[in-house]
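Engineer: First, the structure itself, so that you have it in front of you.
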Amino acid sequence: MEMGILGLPQSGKSTLFEIMTGVKISPSHTETVVRGQASVPDERFDKLVEIYKPAKVSPARVPFVDVHAVGEHPWEAIRQNLSGTDGILHVVDGFSLPDISIALDACRKLEDELVLSDLIIIEKKLERLAKMSKKAIAPQEAAQNELLPRLKDCLEAGKPLRRAGLTAQEVFTLKSFSFWTIKPELVVVNVAEDNPAFADEFAKAAHLAEPVMGICCKVEAELAGLDAADQKEFLSSMGIAEPAFGRIIRAAFTLLGRMSFFTVGEDEVKAWVIPHSTKAPKAAGAIHNDFERGFIKAEVMSFDDFMAHGGSQAQVKSAGRLRLEGKEYVVADGDIITFRFNV
Ligand SMILES: Nc1nc2c(ncn2[C@@H]2O[C@H](COP(=O)(O)OP(=O)(O)OP(=O)(O)O)[C@@H](O)[C@H]2O)c(=O)[nH]1
Ligand SMILES: [Mg+2]
């Protein structure tokens with residue numbers, strides 16, 4: 001699971017990457033690709049930490065990748081380095097020239113590049129398939145051959161593949177292509193300090209199917225540099241509940257179809273990242289393969305039950321709200337779990 005940061009040159013990609021991940025990119029850096037992890041803000045997790053005061057704190061994380069593409073073929077470097085990512089964070093410059101039509105053009109320019117890039121892949125594949133004898137075409141390719149013309153129409157109409165109404169099976173059939181526009185996408189408008197309303201105006205004018213969020217990277221870079229207490233003070237002095245970079249990280253996490261369950265104790269409180277609709281043994285496997293192999297039961301309490309019973313596992317149990325779940329249990333977001341296993 002990885003989120004790639006895309007955007008036109010100098011739109012603020014690296015600034016945003018640094019804010020979210022805390023990974024500093026030195027101005028003289030020569031590496032093309034920089035990876036970093038962003039902690040996902042979660043009030044429930046913070047409450048658990050407050051209650052258990054654990055020695056180790058491990059929040060959920062989202063990996064982000066930033067590409068510093070220079071030289072003659074920047075797009076090639078971006079394509080190569082981000083093609084394996086699971087989602088796209090598209091940064092739009094809204095600060096250097098805060099003009100809606102300029103920002104819209106900039107946004108569309110990149111979207112068009114992505115659509116075109118996917119279209120070329122499809123055309124090449126269809127050409128190749130057309131030259132092959134029917135017998136030589138493998139079943140997977142035959143399925144692709146059926147599907148690709150429809151996708152071509154979609155792209156030719158300027159629509160990304162994520163809006164082609166594909167079934168899960170069809171998406172699976174297309175996996176080997178790593179299309180850009182099939183990936184979930186979040187659009188982030190980097191606004192000027194004195195124009196925070198610009199992102200909303202942009203969203204209204206753009207009519208995108210993708211979620212749009214605003215951030216002022218300049219302000220948030222200062223914010224990210226403060227410790228937690230100073231951050232709170234800074235935010236309340238500005239009348240803001242939460243930094244925008246926190247909301248963006250959370251949105252990326254949701255966009256990738258992820259959720260968390262918690263394990264708690266005095267040694268560690270940890271948020272484990274799993275896809276939605278994960279059954280208990282697979283969730284146990286996120287912790288350790290042995291937990292999945294030797295899975296017996298999951299002791300589960302919901303976060304709400306835990307809080308409603310004074311943040312005490314013993315009280316949850318005596319109230320009969322501690323559930324013993326088996327192999328078919330689908331883990332819910334925010335479950336607090338202790339696995340029983342046997343290896
Ligand atoms: N005023 C202002 N400047 C910003 C903001 N965000 C980024 N910048 C500046 O814009 C320039 C480009 O920012 P980067 O984060 O390096 O942009 P980038 O998209 O990573 O650039 P490339 O990797 O070269 O394509 C830097 O000089 C930043 O300091 C912002 O919100 N406000
Ligand atoms: Mg950069």
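Engineer: Restricting attention to region 170-182, which residues are within 14 Å of I122 (Cα to Cα) and assigned to a helix (DSSP H, G or I)?
Structural biologist: Scanning region 170-182 gives T173, K175, S176, F177.
Engineer: Name the residues in region 151-169 that are part of a helix (DSSP H, G or I) and either modelled with pLDDT of 95 or more or buried (at least 16 other Cβ atoms within 10 Å of the Cβ) (or both), would you?
Structural biologist: Within region 151-169, L151, K152, D153, C154, L155, E156, L161, R162 meet the criteria.
Engineer: Limited to region 40-79, what total is found for residues that are of a type in the set (G, A, S) and more than 16 Å from ligand 1 (Cβ to nearest atom)?
Structural biologist: 3
For (1) surrounded by fewer than 20 Cβ atoms within 10 Å (Cβ to Cβ); (2) at positive phi, each residue gets a yes or a no:
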residue	(1), (2)
A229	yes, no
G239	yes, yes
E242	yes, no
A252	no, no
F261	no, no
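Engineer: Out of D194, D200, I need the residue that is more than 22 Å from the chain's Cα centre (by Cα) and closer than 25 Å to L8 by Cβ. Which one?
Structural biologist: Answer to the check: D194.
Engineer: Right, something else. Filter region 19-32 for residues that are surrounded by fewer than 22 Cβ atoms within 10 Å (Cβ to Cβ) and under 18 Å from the mean Cα position of the chain (by Cα); which is farthest from ligand 1 (Cβ to nearest atom)?
Structural biologist: G22
Engineer: Just to be sure before I move on: is I120 surrounded by fewer than 21 Cβ atoms within 10 Å (Cβ to Cβ), more than 16 Å from ligand 1 (Cβ to nearest atom) and free of Cβ contacts under 8 Å to residues at least 12 places away in the same chain in the structure I sent?
Structural biologist: yes
Engineer: How many residues does region 66-97 hold that are β-branched (V, I, T), within 13 Å of ligand 2 (Cβ to nearest atom) and under 14 Å from E185 (Cα atoms)?
Structural biologist: Count: 1.
Engineer: Could you tell me whether L114 is surrounded by 18 or more Cβ atoms within 10 Å (Cβ to Cβ), outside any strand (DSSP E or B), more than 16 Å from ligand 2 (Cβ to nearest atom) and modelled with pLDDT of 95 or more?
Structural biologist: When the stated conditions are applied, L114 does not pass them.
The values are calculated or read from the model by the stated rules, or taken from the named source; none is laboratory data. No experiment lies behind these values; they were computed from the predicted model shown. For neighbour counting, all protein chains shown are included, and Cβ atoms are generated from backbone atoms with ideal geometry for every residue, glycine included.
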